[in-house]
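Notes follow once the structure below has been shown.
The values are calculated or read from the model by the stated rules, or taken from the named source; none is laboratory data. As the structure is a prediction and not an experimental result, all values here were calculated from the model. Because the Cβ atoms are built from the backbone with ideal geometry, glycine has one as well, and the counts that use them run over all protein chains shown. Ligands, DNA and RNA are stripped out before the accessible areas are found, and what is left, the full protein with its side chains, is counted by its heavy atoms. Shrake-Rupley method; radii C 1.70, N 1.55, O 1.52, S 1.80 Å.
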Amino acid sequence: QFVTILIDGLAGDLNPEQQEYLNIILRNVQQLRNMIGDLLEVTRAESGKLAFDPRCLSLSHLTGEALETTLPTSVAKGVSLTLDVPNDLPFVFADPARVKQILTNLIENGIKFTPAKGVITVRGRIDTRDPNSICVGVADNGCGISPEGAQKIFDRLFQETTSIDSNRQGLGLGLYICKELVNLDRKSTR
């Protein structure tokens, strides 16, 4: 909060160099906060203490919210987000906060691995193999995943080494958390 007070000029004027340094500090603090949040989520998931509150929800509405959440990051990088989820999809029984967390994480991963002028698309359809299920996917035209990485992508602490962004940082927990949340959702709805 103190960094944002300084950036906003509430404690006095800053020269451009000071402004730049404070913006770097703010980005690093936000990144650290996200890492700590991921570590806490993993700990809760592994101890069975992850909060889960399923209810009927509209996936078309929730996917739109996830796109809104990630829009500033995609705009900053010059990546387009598109939504291909029909409004007439049946309602699903799931935890809206957890579904949004999964979608947001997948979209943010797409943004990390997609070059400027790239496109990320969120699609939703009734599953052709099981008409009682809905399939939601996030696709991008980024660098892709190596064959070795495809086997490990949902493992704890795994990070794909093929990347267009050498500055990207994280702990390799995002997709692991997504997998745990999906598995938790499956267990609770049976």
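Could you tell me which residue of the range 159-169 is nearest to ALA116 (Cα to Cα), considering only residues that are exposed (fewer than 15 other Cβ atoms within 10 Å of the Cβ) and either of a type in the set (Val, Ile, Thr) or modelled with pLDDT of 65 or more (or both)?
Step one: list which residues in the range 159-169 are exposed (fewer than 15 other Cβ atoms within 10 Å of the Cβ), which gives 161-169.
When the remaining residues are screened for being either of a type in the set (Val, Ile, Thr) or modelled with pLDDT of 65 or more (or both), the result is 161-162, 164.
Working: THR161: 19, THR162: 16, ILE164: 10 Å.
Result: ILE164.
Can you pull out every residue in the range 78-92 that is open to solvent by 70 Å² or more (accessible area, probe 1.4 Å) and either in a loop (DSSP other than H, G, I, E, B) or within 21 Å of PRO54 (Cα to Cα) (or both)?
ASN87, ASP88, PHE91
Of all the residues in the range 102-120, those that are in contact (Cβ under 8 Å) with a residue 40 or more places away in the chain and either assigned to a strand (DSSP E or B) or surrounded by fewer than 18 Cβ atoms within 10 Å (Cβ to Cβ) (or both) number 3. Of all the residues in the range 101-121, those that are of a type in the set (Lys, Arg) and at pLDDT 90 or above number 1. Look at the range 5-29: where a residue is of a type in the set (Val, Ile, Thr) and a partner is part of a loop (DSSP other than H, G, I, E, B) and open to solvent by less than 100 Å² (accessible area, probe 1.4 Å), sitting 6+ places away or on another chain with Cβ atoms under 6 Å, you get ILE5/ALA11. The single condition from (1) over 17 Å from ILE177 (Cβ atoms); (2) out of contact with any strand residue (DSSP E or B) (no Cβ under 9 Å at 6 or more places or on another chain) that LYS49 fails is (1). Residues that are modelled with pLDDT of 85 or more and open to solvent by 90 Å² or more (accessible area, probe 1.4 Å) number at least 3 in the following helices (runs of 4 or more DSSP H) confined to the range 1-77: 16-46, 59-77.
Could you go through the range 137-150 and let me know if any residue there is open to solvent by less than 50 Å² (accessible area, probe 1.4 Å), at pLDDT below 90 and either in contact with an Asp or Glu (Cβ under 8 Å, 6 or more places away or on another chain) or closer than 26 Å to GLU46 by Cα (or both). Within the range 137-150 (the criterion being open to solvent by less than 50 Å² (accessible area, probe 1.4 Å), at pLDDT below 90 and either in contact with an Asp or Glu (Cβ under 8 Å, 6 or more places away or on another chain) or closer than 26 Å to GLU46 by Cα (or both)), the answer is yes, since at least one residue qualifies.
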